[in-house]
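Here's the structure we're looking at; comments come further down.
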Amino acid sequence: MKKYTYTEKKDTRSGFGAGLLEAGRKNENIVALCADLIGSLKMGDFQKEFPDRFVQVGIAEANMIGIAAGMTIGGKIPFTGTFANFSTGRVYDQIRQSVAYSDKNVKICASHAGLTLGEDGATHQILEDIGMMKMLPGMTVINPCDYNQTKAATLAIAEHEGPVYLRFGRPVIPVFTPADQKFEIGKAWMVNEGTDVTIIATGHLVWEAILAGEKLAEEGINAEIINIHTIKPLDEEAILNSVKKTGCIVTCEEHNRYGGLGESVAQLLATQLPTPQEFIAVNDTFGESGTPADLMKKYGLDSSNIIEATKKVMKRK
């Protein structure tokens, strides 16, 4: 088992803020729009450096998406910023009609996703956003795992032509991926090669999968762990190659089990290579107020649950 260590913890939303600023310095066509959450989205540095390329829309998320779509007609590359719940659920019609259907080059950037929003509770803890976005034709869906990868993903989507949904979060988590990494949209990142079971994870659950892999290794179980940061387009080749070797798979995500990464993997395996699969995800329920750690534990998303699911799926081989 390859050992992953870290020297600091940062929130992934700060990785977005750093990436947006750097992308703005590289390309003068990049503009940013925010729905009254500049501090929460870490967009303040971009606003200060490029005030003429920043639009404070206010609490008017639907207008923000419409404005962003219109700006692409003039060659601009708009990045919109607000909480994930407001970035998707509140404005789904505008995204569908004005961005996805029209194939506009809008980057929908969403913070505070999933249960780890914590104390703000179920009304803000959207767990359906990945499903909503991945079902839109032409929409790229990305969910990076730490500060460095979120920064790299932000830079990558700035160069990508077409609509993108970039999902990140609020909690401070270990920074364990390289600062100089090259982010390839649609290309999985091998965390640890193994032979007994495939564990694929996305977002905050990548670190939980690493912790689970270390414990499993102590018990003689050699887990192959893969970071699926791009949920759409899915790296089908990486997943199929892995399960051909291991014969079983566990999918891990901070999202409803319906509509998320696990469902995409299940569809792939059902049509290409039927394989025993277990799901680490929220089981068709809303969240509640609580600390991120307590919520991850209660809703079955931490490393101990991954270990349990791994042992269960291995018995089904």
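Points worth noting:
- Near the amide H of HIS255, within less than 5 Å, lie the amide hydrogens of VAL282, all on another chain or at least 5 residues away, with H placed in the peptide plane.
- Short-range pairs are left out: with C-alpha atoms under 8 Å and at least six residues apart, the relative contact order of the chain is 19 percent.
- With K and R counted +1 and D and E -1, the other residues having a Cβ less than 13 Å from that of LYS317 yield a net charge of +4.
- Relative to the longest principal axis of the Cα atoms of the chain, the long axis of helix 12-26 lies at roughly 50 degrees.
- Ranked by the mean number of other Cβ atoms within 10 Å per residue, highest first, peptides 213-223, 127-137 order as 127-137, 213-223.
- Between the C-alpha center of the stretch 165-212 and that of the stretch 223-288 there is a gap of 13 Å.
- The amide H of VAL197, built 1.01 Å from its N in the peptide plane, has GLU224 as neighbours under 5 Å, considering only residues 5 or more places off or on other chains.
- Bridge orientation summary for the chain: considering DSSP beta bridges with both residues in this region, about 20 percent are antiparallel.
- Hull-based mean projected area of the stretch 161-282, where the convex hull spans the alpha carbons, in square nanometres: 8.3
- Residue order, fewest to most beta carbons within 10 Å, for ILE239, ILE95: ILE239, ILE95
- Gaussian network model of the chain, springs between alpha carbon atoms under 10 Å - residue of GLY19, GLY260, GLY39 with greatest fluctuation: GLY39
- Burial ranking of peptide ranges 261-272, 147-158, 51-62 (average Cβ count within 10 Å, highest at the top): 147-158, 261-272, 51-62
- Sorted into 10 angstrom bins from 0, the C-alpha pair distances of the stretch 9-174 split as 12, 46, 37, 6, 0 percent.
- Volume of the Cα convex hull of the stretch 110-157, divided per residue and given in Å³: 76
- Counting DSSP beta bridges with both ends in the stretch 92-233, the antiparallel % (nearest 5): 30
- Entry note, the stretch 22-145: relative contact order of 22 percent, from Cα contacts under 8 Å with a spacing of 6+ residues.
- Considered as an equivalent ellipsoid built on the Cα gyration tensor, the stretch 46-93 has semi-axes of 19, 14, 8 Å, the largest given first.
Each reported figure results from applying straightforward, stated rules to the coordinates on display, with no laboratory input. The shown structure was predicted, so the numbers you read here are calculated from the model rather than taken from an experiment. Heads up, the Cβs are rebuilt from the backbone with ideal geometry, glycines too, and the neighbour counts pull from every protein chain shown.
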